[in-house]
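Structure, as structure tokens:
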Amino acid sequence: MNIPHSDLPRVVIIGGGFAGMALARKLLKEDFQLVLLDRHNYHTFQPLLYQVSTASLEPDSIAYPLRKITRDSKKCFFRLTEVSSITAEENLIHTNIGDISYDYLVIATGSKTNFFGNESIEKNGMWMKTVPQALNIRSLILENLEQAVITDDAEKRKALLNFVIVGAGPTGVELSGAIAELRNNVVPNDYPDIDPNEMNIHLLEGLPRVLPPMSEESSKKAHRFLEELGVHIHLNTMVENYDGELVKTNTDLALKTETFIWSAGVTGAPVKGLNASAMVEKANRYEVNTFNQVNGYENIFAIGDIALMQSEEYPKGHPMVAQPAIQQGKHLAKNLKRLVKSEKLEPFDYYDKGTMATVGRNRAVVDMGKLKFGGFFAWFVWMFVHLWFLIGFRNRLVTFFNWIYNYINFDKAARLIIRPFKANKQIMEVDDDV
Ligand SMILES: Cc1cc2nc3c(=O)[nH]c(=O)nc-3n(C[C@H](O)[C@H](O)[C@H](O)COP(=O)(O)OP(=O)(O)OC[C@H]3O[C@@H](n4cnc5c(N)ncnc54)[C@H](O)[C@@H]3O)c2cc1C
């Protein structure tokens, strides 16, 4: 890997997501040799992936080069690599560019899409965890619209103009709202041969309400917002099969579609090699104590989505969202400094800043403790918070101007088929192995 020897303790971080990046930033100037490893050379701001897949934002405005972080310190190194396994007895990790030893290992590998064992969905559906996957969805939506314009087959046209999103958590709700806006604002201008009423967006949810992690009040508001945008909501509906053409559910509902997007859940993305006792098998996440130490290991830590820290308040661990990841990353930096000075470690205490979801233009819902609100003000708060947490000044500026442009023009400027998806399906198979 070409990392020089150093007398400083070496901290290896696997994953430059929210958790890994928060930790790396805090350790840059400290007395450690820091090695950051990631399979991508950029950090992905996942909360805005849906805007890439619906042509509102260019992908580079939600990605941030990881070397821009490591370049600020001579003791810090980035390597682009896939980590395959860990040999904890030798303090060694194995990657596709060689092995590297560590004094302290921090696993911040996040999560991956959960198909709940349904192979038909994994084989034929689309999902959105990475920038290439979001771009695949963008291409597919636009290719389907282009194809609908030219097909003579009425059944085929219907399937091309049916958009099915499964899972009404924040991602599914935001995605459905954004596709509905594409239908309401862009299709009438760009595709005069398509009647917007022919284009149907179906949101399927297994539970009895949308946004299950949020309050009942916000859920009701979001439901109304989606209906106002013309999204068909199907609650208590579980998908049983999707063969690439037909969606079958546990109810009478069956839908023909060429766009099937799965946003119904995630599961941990661990690295092989640690003892079985380190894992909470059902969640596929590492069991950690209040210092983020992985069960059974003193010098291995896990932070973010991949870490499951049980407490009285969070018996199933913290929610798999950005804030616990960022807060754990920052907290672990302080504890690692304490550890090398043989000081007492401090337990992690999560500060819940609230949850929010947007449902298209001027509409969002926010839960902040006892405070719950929706509508234009919530949308404004949503935009401010996302701009604030977006990494990099350039990204904030570009996103801000894009949003202003889209707002004034009712437009989605990035509606480009740069890399056709349908015509080049094997790309998806490579990218989606993550
Ligand atoms: C579509 C979508 C929308 C979301 N919206 C919101 C939202 O609105 N608000 C919110 O708070 N949260 C949201 N989340 C959740 C949030 O993004 C995650 O909770 C957060 O990213 C977790 O941070 P992390 O650092 O644990 O993992 P990640 O940010 O996923 O980072 C993991 C990193 O590890 C790397 N990696 C993984 N395995 C390996 C390996 N073996 N070798 C090398 N590198 C590896 C990955 O490339 C990645 O860079 C959303 C997630 C998605 C997918």
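Tell me the residue from 91, 124 that is in contact with a Ser or Thr (Cβ under 6 Å, 6 or more places away or on another chain) and open to solvent by 10 Å² or more (accessible area, probe 1.4 Å), please. Please lay out each step first, then the result.
On the way: 124 fails: in contact with a Ser or Thr (Cβ under 6 Å, 6 or more places away or on another chain).
None of the other options fit; the residue is 91.
Take the residues of segment 1-30 that are within 13 Å of the ligand (Cβ to nearest atom) and assigned to a strand (DSSP E or B): which is farthest from the chain's Cα centre (by Cα)?
Residue satisfying both the conditions and the ranking: 12.
Looking at 178, 134, 148, which one is open to solvent by less than 10 Å² (accessible area, probe 1.4 Å), at pLDDT 95 or above and either assigned by TED's automatic domain parsing to the domain that holds residue 23 or within 21 Å of residue 17 (Cα to Cα) (or both)?
On the way: 178 fails: either assigned by TED's automatic domain parsing to the domain that holds residue 23 or within 21 Å of residue 17 (Cα to Cα) (or both); 148 fails: either assigned by TED's automatic domain parsing to the domain that holds residue 23 or within 21 Å of residue 17 (Cα to Cα) (or both).
Result of the check over 178, 134, 148: 134.
Could you tell me which residue of segment 264-294 is farthest from residue 49 (Cα to Cα), considering only residues that are of a type in the set (S, T, N, Q) and assigned to a strand (DSSP E or B)?
293
Here are some conditions: (1) among the polar types (S, T, N, Q); (2) within 13 Å of the ligand (Cβ to nearest atom); (3) touching a strand residue (DSSP E or B) at 6+ places or on another chain (Cβ under 7 Å). Residue 395 meets all but one. Which one does it not meet?
The single condition residue 395 does not satisfy is (2).
Test residue 234 against the criterion of being within 18 Å of residue 162 (Cβ to Cβ) and out of contact with any helix residue (DSSP H, G or I) (no Cβ under 8 Å at 6 or more places or on another chain), and give yes or no. First the steps, then the outcome.
Values: within 18 Å of residue 162 (Cβ to Cβ): yes; out of contact with any helix residue (DSSP H, G or I) (no Cβ under 8 Å at 6 or more places or on another chain): yes.
Taking the combined requirement at face value, the residue satisfies it.
Can you pull out the residues in segment 356-390 that are open to solvent by 20 Å² or more (accessible area, probe 1.4 Å), over 17 Å from residue 214 (Cβ atoms) and hydrophobic (A, V, I, L, M, F, W, C)?
376, 380, 383, 384, 387, 388, 389
Given the structure, is residue 329 surrounded by fewer than 21 Cβ atoms within 10 Å (Cβ to Cβ), within 11 Å of the ligand (Cβ to nearest atom) and within 20 Å of the chain's Cα centre (by Cα)?
So residue 329 does not fit the description; no.
Wholly within segment 74-164, which helices (runs of 4 or more DSSP H) include no fewer than the required count, namely at least 3 residues that are within 16 Å of the ligand (Cβ to nearest atom) and either within 24 Å of the chain's Cα centre (by Cα) or within 22 Å of residue 232 (Cα to Cα) (or both)? Show your work before the answer.
Values: elements: 119-124, 131-150, 154-160.
Per the criteria, 131-150.
Are any of the residues in segment 271-294 of a type in the set (Ser, Thr, Tyr), under 23 Å from residue 89 (Cβ atoms) and assigned by TED's automatic domain parsing to the domain that holds residue 99?
Within segment 271-294, one or more residues are of a type in the set (Ser, Thr, Tyr), under 23 Å from residue 89 (Cβ atoms) and assigned by TED's automatic domain parsing to the domain that holds residue 99.
Need pairs with beta-carbon distance below 6 Å; first residue open to solvent by less than 10 Å² (accessible area, probe 1.4 Å) and within segment 28-51, second within 6 Å of the ligand (Cβ to nearest atom); sequence gap 6+ or separate chains.
Listed by first residue and then by second, the contacts come to 36/16; 37/14; 37/83; 43/16; 49/128.
Give me the pairs, please: first residue somewhere in segment 261-275 and within 16 Å of residue 207 (Cβ to Cβ) and away from the ligand (no atom under 11 Å from the Cβ), second residue anywhere and part of a strand (DSSP E or B) and open to solvent by 20 Å² or more (accessible area, probe 1.4 Å), beta-carbon distance under 6 Å, and either six or more positions apart or on two chains.
Close Cβ pairs satisfying both conditions: none exist.
For segment 297-326, which residues satisfy the criterion of being touching a helix residue (DSSP H, G or I) at 6+ places or on another chain (Cβ under 7 Å), assigned to a loop (DSSP other than H, G, I, E, B) and open to solvent by less than 30 Å² (accessible area, probe 1.4 Å)?
Of everything in segment 297-326, those that are touching a helix residue (DSSP H, G or I) at 6+ places or on another chain (Cβ under 7 Å), assigned to a loop (DSSP other than H, G, I, E, B) and open to solvent by less than 30 Å² (accessible area, probe 1.4 Å) turn out to be 303, 318.
The values are calculated or read from the model by the stated rules, or taken from the named source; none is laboratory data. Just so it is clear, the structure is predicted and the values come from calculations on it, not from any experiment. Methodologically, a virtual Cβ is constructed for each residue, glycine included, from the backbone with ideal geometry; neighbour enumeration extends over all protein chains shown. Surface accessibility is based on the protein's heavy atoms, side chains included, excluding ligands, DNA and RNA. Shrake-Rupley method; radii C 1.70, N 1.55, O 1.52, S 1.80 Å.
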